[in-house]
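For reference, the structure is listed below as structure tokens.
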Amino acid sequence: MTTPPVTRSTAHIRIDHYSAVHLAAETARSVARACLLPGSMPDQAAVVASELASNLAKHATNGALFLHPLPLGAGVEILAADRGPGILDLGRSLTDGYTTTNTLGTGLGAVRRISTSFTIRSGTGVGTLVCARLAAPRPVP
């Protein structure tokens, strides 16, 4: 199988209003499709971007999403960065049902479950950085 031609540019979406959440989801879906992610993976990328963008809109200042293909077009990386208050209890924030905004409290946990690779760093008063990657399954030899 040949590698698809995928643009190497990074999409940068400022999350300065809740209306940017939809743009983030559609951009993630588009990048994932360009990477030829199979089945429901483009929709999963949209969910990841939507959840991360929604968290930025609710909790952060100067938040942004960066979306780009992984090397060789094998997947997509979604990076959320902000200069918000940080996450006080990171472990608890990844637990389903924990919320500080009267929501279902499943966002970060869902992002972690959907992602092939998930990393989160947060510092009180510094901000939060989340990196979620979705990669196509490798063929079995």
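The values are calculated or read from the model by the stated rules, or taken from the named source; none is laboratory data. Remember, predicted model here, so these are calculated numbers, not experimental data. Because the Cβ atoms are built from the backbone with ideal geometry, glycine has one as well, and the counts that use them run over all protein chains shown. Just the protein is used for accessible areas: all its heavy atoms, side chains included, with ligands, DNA and RNA removed. Shrake-Rupley method; radii C 1.70, N 1.55, O 1.52, S 1.80 Å.
Yes or no: residue 111 modelled with pLDDT of 95 or more and open to solvent by less than 50 Å² (accessible area, probe 1.4 Å)? Outline the logic, then answer.
Working: modelled with pLDDT of 95 or more: no; open to solvent by less than 50 Å² (accessible area, probe 1.4 Å): yes.
Criteria not met by residue 111.
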Tabulated pairs, segment 28-57, first closer than 20 Å to residue 80 by Cα and in a helix (DSSP H, G or I), second open to solvent by 10 Å² or more (accessible area, probe 1.4 Å) and among the aromatic types (Phe, Trp, Tyr), C-beta under 8 angstrom, 6+ apart or interchain: 54/18; 57/18
How many residues does segment 55-81 hold that are more than 13 Å from the chain's Cα centre (by Cα) and among the charged types (D, E, K, R)? 1
